[in-house]
Amino acid sequence: MSTSPALAGAALGSDQSPGSSPAAGPPGATSPGARPAAKPARRRVKARNVAVFLMLAGPNIALLLVFTYRPMILSFYYSMLQWNLGASVARFVGLGNYVEWFTDPRTPTVVTTTVVFGLVTVGGGLVLGLGLALLLNQKLRARGVARTLAFAPYVLSGIAVGMLWLYIFNPRYGLLKVLLENIGATTPQWYSTTPWALIMIMIVYLWKHAGYVALIYLAGLQAIPQDLRDAAALDGASPRRTLFAVVLPLLGPVTFFLLITTTLSSLQSFDLIRAMTDGGPLGSTTTLMYQIYVEGFQTGRAGYASAAATILFVILLIITAIQLKYVERKVHYS
Amino acid sequence: MLTRPSGTPAPATPNVPNPGAVLDRTEIRRRQRRRARLRRIPMDVVLYTVMAAVVLVMSVPLIWMVLASFKAPGEIYSVPLTWLPESFALTNYREVASAIPIGRMFFNSVLITTLGAGLKVILGLACAYALVFVDVPLKKTAFVVVLFALLIPGQITIIPNYTLIAGLGWLNTYQGIIIPGLASAFGTFLFRQHFRSLPVSVLEAAELDGAGHLRRLWRFAVPMSVPTIAAVSLVSIVGEWNEYLWPMLVVDNPTTMPLPVGLTLLQRVEGLQNWGVLMAATTLVTLPILVIFLVLQRRLVAGLTAGAVTG
């Protein structure tokens, strides 16, 4: 992984014309006689390595510090200010913004929306994704086409996907209206009524993300040795029993990984809500993430929005910490 | 393997009214196998039906979008819905172009995606090389800085980054859109994983031949990493093309506006009535990525699922 000192010495030796001066010594710091002479040389290699390191890794790390770490820390600071975006004056209010957030009458709605959205998109995504993966893992003709199509929406712009589904959900001339009429159901006012707007976004979210879950599950399924299934079948286990007693338990680690990653992305989703409802009607599709945007950039209360952002960050960090702890333990005991 | 070895007395089965557990199991197994064979055909019917349903659910919305982009308003609002447009005229696309400078936005998107993804890959490659092959003190710390950045969601950085970019006078500029998202913790992480799997002997040989770090990076490490570079590039291209929140915050002028932001601008200009026009713009936003995805599916999927394999 790292360059050994012996190699560094050799590289230095080969940089100079061979035997140019006795002080430089023969290439290779391995000979004990060369030690005292090689010391300043080694220091020079070190200095040059630092220069090379700064040149190669410096820009990336500097950008991370300026645009990722600095804002993270500033966000904590902003969260303690009563400050409007673009204003030159700010008042230090300590934990005032947090107190306000926790006592705000709209907070229960935001929390409920976030939790419902999270549970449905994560739970639904795992179930649909697993089902899709089990289906596409069967030896079926043209399953490649289905796999490609199932994954395609995942790579498309959330704004575009939201827009195209808005057309399909249109209560007056949408495709879905016709389908619902065919089975004798009436179309809800998807855009403007309270539970339906959120349900609409969650359906589209699942359509866009189920293929990703399925793909990860497929990789997990293909990693299960066929021997194990054969053994279960020989012992007289029905396909269903094999699925529940052998396959699903072995998918445990994959499920855990997906649970974490899909929760993280669900909590951060923005584009679909923006394109389809803009947080409405009456704030019923405003998740915590969307609240940060609304408070910070529409209402302009940057301090309050930063407090909400910090709360979201802490939640995300706890989820990630759970994952890291689990992964560490897995590595430790395997 | 279809019958039990003769150790078990075979004639016992029909005569004994209460057959032993062993025989019971053989019989069950035999029946199961027969049933499985018989069931296979209806089972296939079920599986293919479900798969057809999946194909329809996934593809019809996209097909519907493209078809609607050619439909005149009368066709869109006609009461028994029609599938195919009367003609494949580009009227809606022309109307998009008259409502918003879609050509300019397409150019902006291409430029931002190319520069953003290209620089991201170069920065990530160089950083990962230094983290793996250049020996300096505090290298571990530098890696931890990169790794921990993976845990910081971009969403919590928007307000401080916005004030910084606004303070620099970079609102409505390409650099304001591109630079804050350039540093790639994810790409660096993947490249580092890959570099650590490279045969060290090749790079050592290059070093012995007098190749400096830069030469070793471009002539040896990069050519040995083409699949990883392709995967990270494709993920970055898709990410940059679809990026919405940050560009939406820093750009309100169509001159530098990328396509997804233009799409919500069009939504505001046209309202939610003129679906043919909206679907034409939506098609323009999705089609390039859809084509890239269909052509380079394997590489793109490898990149998008790389986190799962390493995590």
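The values are calculated or read from the model by the stated rules, or taken from the named source; none is laboratory data. None of these values were measured; they are calculated from a predicted model. Note that we place each Cβ from the backbone using ideal geometry, even for glycine, and neighbour counts take in every protein chain shown. With ligands, DNA and RNA removed, areas are computed over all heavy atoms of the protein, side chains included. Shrake-Rupley method; radii C 1.70, N 1.55, O 1.52, S 1.80 Å.
Could you compute how much accessible area chains B and A hide from each other, both sides summed, with a 1.4 Å probe? Nearest 100 Å² is fine. Let's see the in-between values first.
Numbers: alone 19420 and 20450 Å², together 31060 Å².
Counting both chains, the buried surface is close to 8800 Å².
Under a point-charge model restricted to the Cβ atoms of Lys and Arg (+1) and Asp and Glu (-1), what is the dipole moment magnitude of chain A relative to its Cα centre, in debye to the nearest 20?
Charge dipole of chain A: 980 debye, to the nearest 20.
Looking at B:179, B:159, B:304, which one has the Cα that reaches farthest to the positive end of the dipole of the stretch B:102-310 (charges on Cβ: Lys, Arg +1; Asp, Glu -1)?
In the stretch B:102-310, that residue is B:304.
For the stretch A:276-321, just say rounded, prolate or oblate: build the C-alpha gyration tensor, square-root its eigenvalues into a ≥ b ≥ c, call rounded for a/c under 1.5, and beyond that prolate if a/b exceeds b/c, oblate if not.
Details: a/c = 3.42, a/b = 1.45, b/c = 2.36.
Cα axes put the stretch A:276-321 in the oblate bin.
Just to confirm the number: angle between the C-alpha axis of helix B:139-149 and the first principal axis of chain B, 0 to 90 degrees, nearest 10?
80 degrees
Filter the trypsin sites (Lys or Arg not before Pro) in the stretch A:83-183 down to the DSSP loop ones having no more than 15 other Cβ atoms within 10 Å, then list what survives.
Of the trypsin sites (Lys or Arg not before Pro), the ones in loops of the stretch A:83-183 whose Cβ has at most 15 other Cβ atoms within 10 Å are A:106, A:139, A:141, A:172.
Helix B:158-167 versus the longest principal axis of chain B: what angle, 0 to 90°, nearest 10, using Cα atoms?
Helix B:158-167 sits roughly 20 degrees off the main axis of chain B.
GNM, chain A, Cα, under 10 Å: largest mean-square fluctuation among A:136, A:179, A:215?
A:179
Among the residues of the stretch A:60-81, which ones have their accessible area go down by 30 Å² or more when all the protein chains sit together, as opposed to their chain alone (1.4 Å probe)?
Output list: A:60, A:61, A:63, A:64, A:67, A:68, A:69, A:70, A:71, A:72, A:78.
Can you return the aspartates and glutamates within cross-link range of residue B:71? Criterion is Cα-Cα under 13 Å, with same-chain partners fewer than 8 residues away left out.
Here the aspartates and glutamates satisfying the reach criterion relative to residue B:71 are B:86, B:95.
Using a ≥ b ≥ c from the Cα gyration tensor of chain B (square roots of the eigenvalues), is it rounded, prolate or oblate, where a/c under 1.5 gives rounded and otherwise the larger of a/b and b/c decides, a/b for prolate?
oblate
By how many nm would the segment from residue A:219 to residue A:299 lengthen if fully extended, with 0.36 nm per residue of separation less the alpha-carbon distance?
Stretched fully, the residue A:219-residue A:299 segment lengthens by 24.3 nm.
May I ask for the angle, rounded to the nearest 10°, between helix B:226-242 and the longest principal axis of chain B, with both axes built from Cα atoms and the value confined to 0 to 90°?
70 degrees
Which listed residue (B:239, B:217, B:28) has the Cα farthest towards the positive end of the charge dipole for chain B, taking +1 on Lys and Arg C-beta and -1 on Asp and Glu C-beta about the Cα centre?
Of the listed residues, the answer is B:28.
On a C-alpha basis, how far is the centre of the stretch B:202-229 from the centre of the stretch A:179-239 in Å? Whole number, if you could?
Using only Cα atoms, the two centres lie 45 Å from each other.
Per residue, how big is the convex hull around the C-alpha atoms of chain A? Give it to me in cubic angstrom, could you? Kindly include the intermediate steps, with their values, before the conclusion.
On the way: hull volume 90.8 nm³, N = 334.
In chain A, the Cα convex hull volume per residue is 272 Å³.
Please state the charge dipole magnitude for the protein assembly as shown, taken about the Cα centre, from unit charges on C-beta atoms (+1 on K and R, -1 on D and E), reported in debye and rounded to the nearest 20.
Roughly 2080 debye, rounded to the nearest 20.
Tally up the carbon and sulfur contribution to the accessible surface of the protein assembly as shown as a whole percent, 1.4 Å probe, everything protein left in place.
Heavy-atom surface of the protein assembly as shown belonging to carbon and sulfur, 1.4 Å probe: 67 percent.
Please identify the DSSP H helices in chain A that span no less than 30 Å along the helix axis (Cα) and have a mean Kyte-Doolittle hydropathy of -0.5 or more.
A:35-64, A:107-136, A:194-222, A:302-333
Distance in nm between label sites at residue A:92 and residue A:109, each 7 Å beyond Cα in the beta-carbon direction?
The answer from the label model is 3.5 nm.
For residue A:208, give me every one of the aspartates and glutamates with a C-alpha distance below 15 angstrom, ignoring sequence neighbours fewer than eight places off in its own chain.
Reachable aspartates and glutamates: A:271.
How large is the helix-only mean residue ellipticity at 222 nm for chain A, computed as the sum of -39500 (n - 2.57) over DSSP H runs with n ≥ 4, divided by its residue count, in deg cm²/dmol to the nearest 500?
Result for chain A, helices only: -21000 deg cm²/dmol.
Keeping every protein chain present and rolling a 1.4 Å probe, give me the accessible area per residue for chain A in Å².
48 Å²
Please state the shape class of the protein assembly as shown: rounded when a/c is under 1.5, otherwise prolate if a/b exceeds b/c and oblate if not, all from the C-alpha gyration tensor.
Verdict is oblate for the protein assembly as shown.
Whole number in Å², please: accessible area per residue of the stretch B:102-310, 1.4 Å probe, ligands, DNA and RNA not counted.
For the stretch B:102-310, the solvent-accessible area averages 38 Å² per residue.
Along the charge dipole of the stretch A:96-333, Cβ charges K/R +1 and D/E -1, which of A:131, A:298, A:207 sits furthest on the positive end?
A:131
Could you work out, residue by residue across A:296-303, how many beta carbons of other chains sit within 10 Å of that residue's beta carbon, and then give the average as an integer?
2
Between the stretch B:246-311 and the stretch A:86-111, what's the alpha-carbon centroid distance in Å?
The stretch B:246-311 and the stretch A:86-111 have Cα centres separated by 34 Å.
About the Cα centre of chain B, how large is the charge dipole given +1 on each Lys and Arg Cβ and -1 on each Asp and Glu Cβ? Please answer in debye to the nearest 20.
1720 debye
Indicate the residues belonging to the stretch B:278-292 that lose 20 Å² or more of solvent-accessible heavy-atom surface (probe 1.4 Å) upon moving from the chain alone to the assembly of all protein chains, ignoring ligands and nucleic acids.
Buried by the other chains: B:279, B:282, B:286, B:289, B:290.
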